[in-house]
Amino acid sequence: MTRSKERTEEQDLPYNVFARACPSRGTLEHVTGRWGALTLGALHEGSLRFNELRRRVDGVSEKMLSQTLHALERDGLVHREAQPTNPPRVDYELTPLGHEVTERLLGLIHLVEGRMDDVLAARSRYDGTRGAL
């Protein structure tokens with residue numbers, strides 16, 4: 001089988017995040033991981049420079065933010081714009097695909113935030129019957 005025929009057959013296969021070799025699994029991990037989700041959510045508000053983004057995503061290290069941005073850029077969710085100025089200026093913003101993914105992610109974020117009283121009550125009941133962790 002030729003290389004181009006193999007590639008065509010791979011592209012014709014449906015993506016299935018539950019399959020170990022499916023590339024969608026890696027993208028899902030980038031989007032739903034702690035730093036990926038928070039980075040996408042922060043960029044939903046608009047373009048940010050690296051340090052602005054780091055301040056917005058409280059607790060992320062410079063190294064983790066850099067790795068997260070690289071992964072999201074590679075997946076086509078974030079666009080990196082380097083300005084030829086002195087000192088260099090780099091801005092990050094969501095791509096159209098990034099906006100679409102983030103809209104859905106924000107629905108989950110808002111649901112979790114809105115139901116935290118229920119989550120905290122469930123934790124308290126759990127800890128009361130099984131002992132605090």
Determine whether Glu62 is more than 15 Å from Glu103 (Cα to Cα), out of contact with any strand residue (DSSP E or B) (no Cβ under 9 Å at 6 or more places or on another chain) and surrounded by fewer than 16 Cβ atoms within 10 Å (Cβ to Cβ).
yes
In the range 111-128, what residues are modelled with pLDDT of 95 or more and open to solvent by less than 70 Å² (accessible area, probe 1.4 Å)?
Gly114, Met116, Val119, Ala121, Ala122
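Only one residue in Thr39, Thr95, Thr68 is touching a strand residue (DSSP E or B) at 6+ places or on another chain (Cβ under 8 Å), among the polar types (S, T, N, Q) and surrounded by 20 or more Cβ atoms within 10 Å (Cβ to Cβ), so which one is that? Even if it seems obvious, please write down each step before you answer.
Details: Thr95 fails: surrounded by 20 or more Cβ atoms within 10 Å (Cβ to Cβ); Thr68 fails: touching a strand residue (DSSP E or B) at 6+ places or on another chain (Cβ under 8 Å).
Just one listed residue meets the conditions, Thr39.
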What is the one condition in (1) free of Cβ contacts under 8 Å to residues at least 12 places away in the same chain; (2) out of contact with any Asp or Glu (no Cβ under 8 Å at 6 or more places or on another chain); (3) closer than 22 Å to Arg54 by Cβ that Ala71 does not satisfy?
(1)
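Could you say which residue among Glu100, Glu73 is loosely packed, with under 13 Cβ neighbours inside 10 Å, under 15 Å from the mean Cα position of the chain (by Cα) and under 25 Å from Ser24 (Cβ atoms)? Steps first, answer last, please.
Numbers: Glu73 fails: loosely packed, with under 13 Cβ neighbours inside 10 Å.
Going through Glu100, Glu73 in turn, just one is loosely packed, with under 13 Cβ neighbours inside 10 Å, under 15 Å from the mean Cα position of the chain (by Cα) and under 25 Å from Ser24 (Cβ atoms): Glu100.
The values are calculated or read from the model by the stated rules, or taken from the named source; none is laboratory data. Quantities reported herein were computed from a predicted structural model and do not represent experimental measurements. Methodologically, a virtual Cβ is constructed for each residue, glycine included, from the backbone with ideal geometry; neighbour enumeration extends over all protein chains shown. When the accessible area is computed, the model is the full protein with side chains, heavy atoms only, and any ligands, DNA or RNA have been set aside. Shrake-Rupley method; radii C 1.70, N 1.55, O 1.52, S 1.80 Å.
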